[in-house]
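The values are calculated or read from the model by the stated rules, or taken from the named source; none is laboratory data. In this text the structure is predicted, and so the values were computed from the model without any measurement. FYI the Cβ positions are ideal-geometry reconstructions off the backbone, even for glycines, and counts take in every protein chain you see.
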Amino acid sequence: MVWYLVGGRRGAAVACAVLVSVAAAGCAQTVPGTPVAQVGSVEIAPPAVSRSDRQHDPAIPAELALPPERFPARYPAVSLPAHAVARAGPDLTGVPAGARVDPPGCLPPEQDYGPAGTAMVVGTDEKSRATLTVEVVVGAAPLVELAAHLAECDAVQATHRGITATVTTQREADPPAPVDGIGTLALARTVDSGSGDAQVTRRLQTRVAQSGDIRILVTYMVFDRAVSDPEGLGAVFRDAVTYALTE
(Lines give C-alpha, C1' and ligand atoms only; values in the text may rest on other atoms or scores of the structure.)
Protein backbone atom coordinates (compact mmCIF):
# COMPACT_ATOMS: atom_id res chain seq x y z
CA MET A 1 0.00 0.00 0.00
CA VAL A 2 1.32 3.42 -0.95
CA TRP A 3 0.04 6.74 0.43
CA TYR A 4 0.20 9.93 -1.61
CA LEU A 5 -0.29 13.48 -0.36
CA VAL A 6 -2.49 15.50 -2.67
CA GLY A 7 -3.38 19.17 -2.16
CA GLY A 8 -2.49 22.76 -2.98
CA ARG A 9 -0.30 24.98 -0.89
CA ARG A 10 -3.36 26.75 0.51
CA GLY A 11 -5.87 23.92 0.67
CA ALA A 12 -6.05 21.16 3.21
CA ALA A 13 -4.02 18.16 2.11
CA VAL A 14 -5.94 15.02 1.31
CA ALA A 15 -4.32 11.64 1.79
CA CYS A 16 -5.08 9.19 -0.99
CA ALA A 17 -4.21 5.49 -0.79
CA VAL A 18 -3.39 3.59 -3.94
CA LEU A 19 -3.11 -0.18 -3.75
CA VAL A 20 -2.60 -2.37 -6.76
CA SER A 21 -1.75 -6.00 -6.14
CA VAL A 22 -1.71 -9.07 -8.24
CA ALA A 23 -2.32 -12.27 -6.34
CA ALA A 24 0.48 -14.76 -6.57
CA ALA A 25 -0.31 -18.27 -7.58
CA GLY A 26 1.97 -21.09 -6.41
CA CYS A 27 2.25 -24.70 -7.43
CA ALA A 28 1.89 -27.42 -4.84
CA GLN A 29 3.89 -29.91 -6.81
CA THR A 30 6.20 -30.21 -9.78
CA VAL A 31 4.33 -30.76 -13.04
CA PRO A 32 5.56 -31.07 -16.58
CA GLY A 33 5.46 -28.07 -18.86
CA THR A 34 6.65 -24.46 -18.84
CA PRO A 35 7.17 -23.03 -15.37
CA VAL A 36 4.95 -20.10 -14.36
CA ALA A 37 6.65 -17.16 -12.59
CA GLN A 38 5.27 -15.92 -9.29
CA VAL A 39 4.01 -12.31 -9.50
CA GLY A 40 4.38 -9.94 -6.55
CA SER A 41 2.64 -6.67 -5.69
CA VAL A 42 3.06 -3.71 -8.08
CA GLU A 43 2.99 -0.05 -7.01
CA ILE A 44 1.65 2.51 -9.48
CA ALA A 45 2.33 6.22 -8.99
CA PRO A 46 -0.58 8.63 -9.54
CA PRO A 47 -0.52 10.74 -12.73
CA ALA A 48 0.77 14.28 -12.42
CA VAL A 49 -2.02 16.87 -12.16
CA SER A 50 -1.50 20.43 -13.33
CA ARG A 51 -3.50 23.43 -12.10
CA SER A 52 -5.36 23.72 -15.39
CA ASP A 53 -6.43 20.04 -15.12
CA ARG A 54 -7.97 20.47 -11.69
CA GLN A 55 -11.63 21.11 -11.18
CA HIS A 56 -12.16 24.73 -10.20
CA ASP A 57 -14.00 25.54 -7.00
CA PRO A 58 -15.47 28.95 -6.14
CA ALA A 59 -12.38 29.97 -4.16
CA ILE A 60 -9.76 29.26 -6.78
CA PRO A 61 -9.39 32.76 -8.31
CA ALA A 62 -8.50 34.18 -4.91
CA GLU A 63 -6.16 31.26 -4.26
CA LEU A 64 -4.26 31.93 -7.49
CA ALA A 65 -3.93 35.71 -7.10
CA LEU A 66 -0.54 37.05 -6.05
CA PRO A 67 -0.67 37.79 -2.29
CA PRO A 68 -0.35 41.46 -1.24
CA GLU A 69 2.93 40.76 0.57
CA ARG A 70 4.52 39.72 -2.74
CA PHE A 71 4.00 43.20 -4.27
CA PRO A 72 6.92 45.65 -4.48
CA ALA A 73 7.28 47.82 -1.36
CA ARG A 74 6.43 50.89 -3.43
CA TYR A 75 2.93 49.50 -3.98
CA PRO A 76 1.29 48.50 -0.68
CA ALA A 77 -1.44 46.11 -1.77
CA VAL A 78 -4.79 44.76 -0.64
CA SER A 79 -6.98 41.92 -1.84
CA LEU A 80 -10.30 43.35 -3.00
CA PRO A 81 -13.40 41.91 -1.35
CA ALA A 82 -15.81 40.19 -3.70
CA HIS A 83 -18.28 43.10 -3.81
CA ALA A 84 -15.52 45.51 -4.91
CA VAL A 85 -14.18 43.41 -7.78
CA ALA A 86 -17.11 44.16 -10.12
CA ARG A 87 -16.76 47.89 -9.45
CA ALA A 88 -13.03 47.78 -10.22
CA GLY A 89 -13.47 46.01 -13.55
CA PRO A 90 -14.67 49.08 -15.52
CA ASP A 91 -11.65 51.05 -14.29
CA LEU A 92 -9.46 48.63 -16.23
CA THR A 93 -11.57 48.31 -19.38
CA GLY A 94 -12.44 52.03 -19.52
CA VAL A 95 -16.11 51.23 -20.14
CA PRO A 96 -18.51 51.76 -17.18
CA ALA A 97 -21.14 49.13 -16.49
CA GLY A 98 -24.33 50.02 -18.35
CA ALA A 99 -22.56 52.34 -20.81
CA ARG A 100 -23.61 52.78 -24.44
CA VAL A 101 -20.74 52.20 -26.82
CA ASP A 102 -19.92 53.23 -30.36
CA PRO A 103 -19.23 51.18 -32.42
CA PRO A 104 -22.01 48.88 -31.23
CA GLY A 105 -20.74 45.48 -30.22
CA CYS A 106 -17.63 46.87 -28.56
CA LEU A 107 -18.66 46.36 -24.97
CA PRO A 108 -15.95 44.52 -23.05
CA PRO A 109 -16.20 40.72 -23.30
CA GLU A 110 -18.52 39.20 -20.72
CA GLN A 111 -16.80 38.22 -17.50
CA ASP A 112 -17.90 36.64 -14.25
CA TYR A 113 -16.86 39.19 -11.61
CA GLY A 114 -18.17 37.02 -8.78
CA PRO A 115 -15.81 35.12 -6.46
CA ALA A 116 -16.02 32.00 -8.62
CA GLY A 117 -14.81 33.91 -11.67
CA THR A 118 -12.49 36.79 -10.74
CA ALA A 119 -10.14 37.91 -7.99
CA MET A 120 -8.13 41.14 -7.80
CA VAL A 121 -5.25 42.42 -5.72
CA VAL A 122 -4.41 46.13 -6.04
CA GLY A 123 -1.22 47.90 -5.03
CA THR A 124 -1.10 51.72 -4.89
CA ASP A 125 1.78 54.17 -5.06
CA GLU A 126 0.60 56.76 -2.55
CA LYS A 127 2.70 59.55 -4.07
CA SER A 128 1.68 59.26 -7.72
CA ARG A 129 -1.71 57.49 -7.28
CA ALA A 130 -0.47 54.89 -9.76
CA THR A 131 -1.86 51.39 -9.26
CA LEU A 132 -0.70 47.88 -10.06
CA THR A 133 -3.56 45.40 -10.32
CA VAL A 134 -3.27 41.64 -10.50
CA GLU A 135 -6.46 40.08 -11.85
CA VAL A 136 -7.08 36.33 -12.07
CA VAL A 137 -9.97 35.08 -14.19
CA VAL A 138 -11.21 31.49 -14.17
CA GLY A 139 -13.38 30.31 -17.05
CA ALA A 140 -11.85 32.77 -19.52
CA ALA A 141 -12.46 32.46 -23.25
CA PRO A 142 -9.45 31.56 -25.43
CA LEU A 143 -6.85 34.31 -25.63
CA VAL A 144 -7.27 34.52 -29.40
CA GLU A 145 -10.81 35.81 -28.84
CA LEU A 146 -9.53 38.63 -26.66
CA ALA A 147 -6.96 39.51 -29.34
CA ALA A 148 -9.69 39.64 -31.99
CA HIS A 149 -11.84 41.91 -29.79
CA LEU A 150 -8.94 44.30 -29.25
CA ALA A 151 -8.33 44.49 -33.00
CA GLU A 152 -11.98 45.21 -33.78
CA CYS A 153 -12.52 47.68 -30.93
CA ASP A 154 -9.33 49.71 -30.85
CA ALA A 155 -11.24 53.02 -30.59
CA VAL A 156 -14.48 53.18 -28.63
CA GLN A 157 -16.78 55.97 -27.42
CA ALA A 158 -18.45 54.96 -24.15
CA THR A 159 -21.30 57.10 -22.82
CA HIS A 160 -22.63 56.73 -19.29
CA ARG A 161 -24.83 59.18 -17.38
CA GLY A 162 -24.23 61.88 -19.94
CA ILE A 163 -20.42 61.64 -19.86
CA THR A 164 -18.57 60.26 -22.86
CA ALA A 165 -15.17 58.64 -22.57
CA THR A 166 -12.87 57.85 -25.47
CA VAL A 167 -11.12 54.52 -25.03
CA THR A 168 -8.15 53.87 -27.31
CA THR A 169 -6.40 50.50 -27.19
CA GLN A 170 -3.25 49.38 -28.97
CA ARG A 171 -1.58 45.98 -29.02
CA GLU A 172 2.03 45.93 -27.93
CA ALA A 173 4.69 43.28 -28.43
CA ASP A 174 3.75 40.07 -26.65
CA PRO A 175 5.77 39.73 -23.43
CA PRO A 176 7.96 36.67 -22.91
CA ALA A 177 6.05 33.87 -21.23
CA PRO A 178 7.18 33.46 -17.60
CA VAL A 179 6.01 29.83 -17.78
CA ASP A 180 6.48 27.45 -20.70
CA GLY A 181 3.48 26.54 -22.83
CA ILE A 182 1.23 29.54 -22.15
CA GLY A 183 -0.06 32.37 -24.33
CA THR A 184 0.66 36.04 -23.70
CA LEU A 185 -0.28 39.42 -25.07
CA ALA A 186 0.20 43.07 -24.12
CA LEU A 187 -1.83 46.20 -24.65
CA ALA A 188 -1.69 49.92 -23.96
CA ARG A 189 -4.93 51.79 -23.29
CA THR A 190 -5.82 55.47 -22.91
CA VAL A 191 -9.12 56.61 -21.42
CA ASP A 192 -10.05 60.28 -21.86
CA SER A 193 -13.20 61.43 -20.08
CA GLY A 194 -14.81 64.77 -19.25
CA SER A 195 -13.85 68.07 -20.83
CA GLY A 196 -12.09 71.31 -19.98
CA ASP A 197 -10.85 71.56 -16.41
CA ALA A 198 -12.79 68.40 -15.57
CA GLN A 199 -11.00 66.26 -18.18
CA VAL A 200 -9.24 63.21 -16.80
CA THR A 201 -6.85 60.94 -18.66
CA ARG A 202 -6.01 57.44 -17.53
CA ARG A 203 -3.17 55.53 -19.13
CA LEU A 204 -3.00 51.79 -18.68
CA GLN A 205 -0.51 49.11 -19.65
CA THR A 206 -1.65 45.51 -19.36
CA ARG A 207 0.21 42.24 -19.62
CA VAL A 208 -1.85 39.08 -20.07
CA ALA A 209 -0.99 35.39 -19.73
CA GLN A 210 -3.30 32.41 -20.12
CA SER A 211 -3.12 28.68 -19.50
CA GLY A 212 -6.27 26.76 -20.34
CA ASP A 213 -9.14 28.85 -19.00
CA ILE A 214 -7.02 30.56 -16.33
CA ARG A 215 -6.12 34.11 -17.32
CA ILE A 216 -3.77 36.38 -15.39
CA LEU A 217 -3.80 40.12 -16.14
CA VAL A 218 -1.44 42.65 -14.59
CA THR A 219 -2.29 46.31 -15.23
CA TYR A 220 -0.37 49.46 -14.43
CA MET A 221 -2.57 52.58 -14.36
CA VAL A 222 -1.54 56.21 -14.00
CA PHE A 223 -3.44 59.48 -14.25
CA ASP A 224 -2.68 62.34 -16.62
CA ARG A 225 1.08 62.78 -17.14
CA ALA A 226 2.39 60.63 -14.30
CA VAL A 227 5.47 58.56 -15.16
CA SER A 228 4.93 54.87 -15.85
CA ASP A 229 6.87 52.03 -14.24
CA PRO A 230 7.60 49.35 -16.86
CA GLU A 231 10.09 47.60 -14.58
CA GLY A 232 7.54 47.26 -11.79
CA LEU A 233 4.89 46.06 -14.23
CA GLY A 234 7.21 43.45 -15.70
CA ALA A 235 8.35 42.18 -12.31
CA VAL A 236 4.82 41.80 -10.94
CA PHE A 237 3.64 40.16 -14.17
CA ARG A 238 6.36 37.52 -14.00
CA ASP A 239 5.76 36.87 -10.31
CA ALA A 240 1.97 36.76 -10.65
CA VAL A 241 2.05 34.28 -13.53
CA THR A 242 4.61 32.05 -11.86
CA TYR A 243 2.68 32.09 -8.59
CA ALA A 244 -0.67 31.28 -10.23
CA LEU A 245 0.50 28.50 -12.50
CA THR A 246 3.46 26.79 -10.85
CA GLU A 247 3.75 27.46 -7.11
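General remarks:
- Looking only at residues of the range 123-136 that are closer than 22 Å to V167 by Cα and of a type outside the set (S, T, Y), we find that the one that is modelled with the lowest pLDDT is R129.
- Number of the exception - A148 against (1) of a type in the set (G, A, S); (2) part of a helix (DSSP H, G or I); (3) surrounded by 16 or more Cβ atoms within 10 Å (Cβ to Cβ): (3)
This table checks each residue for (1) within 22 Å of P61 (Cα to Cα); (2) out of contact with any Pro (no Cβ under 7 Å at 6 or more places or on another chain); (3) in contact (Cβ under 8 Å) with a residue 60 or more places away in the chain; (4) among the β-branched types (V, I, T).
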position: V167; (1), (2), (3), (4): no, yes, yes, yes
position: A173; (1), (2), (3), (4): no, yes, no, no
position: P178; (1), (2), (3), (4): yes, yes, yes, no
position: G181; (1), (2), (3), (4): yes, yes, no, no
position: A186; (1), (2), (3), (4): yes, no, no, no
position: G194; (1), (2), (3), (4): no, yes, no, no
position: Q199; (1), (2), (3), (4): no, yes, no, no
position: L204; (1), (2), (3), (4): no, yes, yes, no
position: T219; (1), (2), (3), (4): yes, yes, yes, yes
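- Flag if G98 is in a loop (DSSP other than H, G, I, E, B) and in contact (Cβ under 8 Å) with a residue 40 or more places away in the chain: yes
- Yes/no for E135 being of a type outside the set (A, V, I, L, M, F, W, C), surrounded by 14 or more Cβ atoms within 10 Å (Cβ to Cβ) and more than 18 Å from V208 (Cβ to Cβ): no
- Extreme residue, nearest to A186 (Cα to Cα), among residues of the range 196-247 that are assigned to a helix (DSSP H, G or I) and of a type in the set (A, V, I, L, M): L233
- Against the numbered list (1) assigned to a loop (DSSP other than H, G, I, E, B); (2) farther than 22 Å from I216 by Cβ, D112 comes up short only at (2).
- Filtered residues of the range 123-132 (kept if crowded, with 21+ Cβ neighbours inside 10 Å and not in a strand (DSSP E or B)): A130
- Residue match in the range 150-164 (condition: at pLDDT 95 or above, within 19 Å of the chain's Cα centre (by Cα) and under 23 Å from L185 (Cβ atoms)): yes
- Selection within the range 62-88: residues that are small (G, A, S) and either surrounded by fewer than 18 Cβ atoms within 10 Å (Cβ to Cβ) or more than 15 Å from the chain's Cα centre (by Cα) (or both). The member of this set that is farthest from A141 (Cα to Cα) is A73.
- Taking the listed residues A209, A235, A240, the one that is touching a residue at least 60 places away in the same chain (Cβ under 8 Å) and surrounded by 18 or more Cβ atoms within 10 Å (Cβ to Cβ) is A240, with no other qualifying.
- Test for T184: is it surrounded by fewer than 18 Cβ atoms within 10 Å (Cβ to Cβ), of a type in the set (S, T, Y) and farther than 22 Å from A99 by Cα: no
- The range 188-230, residues that are closer than 16 Å to V241 by Cβ and not hydroxyl-bearing (S, T, Y): Q205, R207, V208, A209, Q210, G212, D213, I214, R215, I216, L217, V218
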